[in-house]
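Single-structure report; data block below.
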Amino acid sequence: MRSLAFKAPRPGEPSPSAEDPAQLGFELKYAFDRWSLGVVESHLAAACRRDPEHPSNTVVSVYFDTPDLVLLRQKADSLYLKTKLRLRWYRSPGAPPSQAFWELKRRVGNRRSKRRWPTTLEGAAIERRSFAALASLPMPPDLLAEELPWPLLPILQVAYRRRRYVDPHGGVRMSCDSAITAERGHPLLGRSRRGVLAGGVVEAKGSRAVAPPCLQGLFGRLCFRSSFSKYDACYRSLT
């Protein structure tokens, strides 16, 4: 039975988006330690083009999970199929408040798919709400119809700085994520202090499970192939 905490969308709220073909494909991750951030960013800036629309901002996500953390355990147990549900928005200095989106992300091995549904809320409004209030936010019908381990609750709010790049040869989109912070957690986690992770991760998203040539100079020297999960790592930093 689904949780009564999730209400049906009110009339006039945005309808769910279709699955975006650009959100399908492979995602490769490469972790690095805190001392390597400057060199990694300098390498990407020299070897790649900065994203022309959104070169950098802060990404904020509230991850939803069951009370016994079924979705988190998919990562801990190294399952081939993994699912994440989150509310996501962006912070940019001097920019208007960002709209928030529901995001459902699925991974089968290193292949991923992602769907997004817009909300009527701005990220700043979500940040002012308690986790108890976030549990009652309405969800789109298409999202409620997904095969997920209902009921789901807001568990952890994570923020990080993201710098975006494009491979000049193959068009692979890349990001460099750092200052990864667990900003607040559900009371069931037992602690409310902020947890900041050392190091960061480079993510490459494309149609092939092959790293773009512009990353080759980083392998084995500064970056290492990883199945890094920000949700999992931030959870561990708090617990």
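Starting from the Kirkwood Rh over alpha-carbon pairs, what translational D in µm² s⁻¹ does the stretch 160-227 have by Stokes-Einstein at 4 °C and 1.567 mPa s? The diffusion coefficient I find is 92 µm²/s. The simple Förster model, with R0 at 30 Å and r as the Cβ-Cβ distance, assigns Ser136 and Arg91 a FRET efficiency of 0.80.
Measuring between their Cα centroids, the stretch 181-235 and the stretch 95-146 lie 20 Å from each other.
Based on protein heavy atoms only, the stretch 114-236 ends up with 44 Å² per residue of surface accessible to a 1.4 Å probe.
Note down the Stokes-Einstein diffusion coefficient of the chain in µm²/s, whole number, using a Kirkwood radius over alpha carbon pairs, 4 °C, and 1.567 mPa s. Rounded, D is 69 µm²/s. D by Stokes-Einstein for the stretch 155-197, Kirkwood Rh over Cα pairs, 10 °C, 1.306 mPa s: 130 µm²/s.
What percentage of the solvent-accessible surface of the chain, computed with a 1.4 Å probe over protein heavy atoms, is contributed by carbon and sulfur atoms? Don't skip to the answer; put the middle values down first.
Numbers: 6340 of 11670 Å².
Here it works out to 54 percent.
Computed over the chain with a Gaussian network model linking Cα atoms closer than 10 Å, the most mobile of Leu79, Leu37, Leu153 is Leu79.
What's the extension gain from Ser56 to Trp35 if we count 0.36 nm per residue and subtract their Cα-Cα distance?
Values: separation 21, 0.36 × 21 = 7.56 nm, distance 2.05 nm.
In short, 5.5 nm is gained.
Using a 1.4 angstrom probe, figure out how much accessible area the stretch 24-79 has per residue, in square angstrom, rounded to the nearest whole.
48 Å²
Calculated from the alpha-carbon coordinates, the stretch 77-187 shows an Rg and a Dmax of 15.7, 47 Å respectively. Our helix-only sum for the chain, with -39,500 (n - 2.57) per DSSP H run of n ≥ 4 divided by its residues, gives a mean residue ellipticity at 222 nm of -4000 deg cm²/dmol. Across all Cα pairs in the stretch 115-159, the calculated P(r) in 10 Å bins from zero up to the longest distance comes to 20, 57, 23 percent per bin.
Note on Arg128 and Ser42: the extension gain reaches 27.4 nm, defined as 0.36 nm multiplied by sequence separation minus the Cα-Cα distance.
The values are calculated or read from the model by the stated rules, or taken from the named source; none is laboratory data. Keep in mind it's a predicted model, so treat the numbers as computed, not measured. So basically every Cβ, Gly included, is an ideal-geometry build from the backbone, and we count neighbours across all protein chains shown. Calculation scope for accessible area: heavy atoms of the full protein, side chains included, ligands and nucleic acids excluded. Shrake-Rupley method; radii C 1.70, N 1.55, O 1.52, S 1.80 Å.
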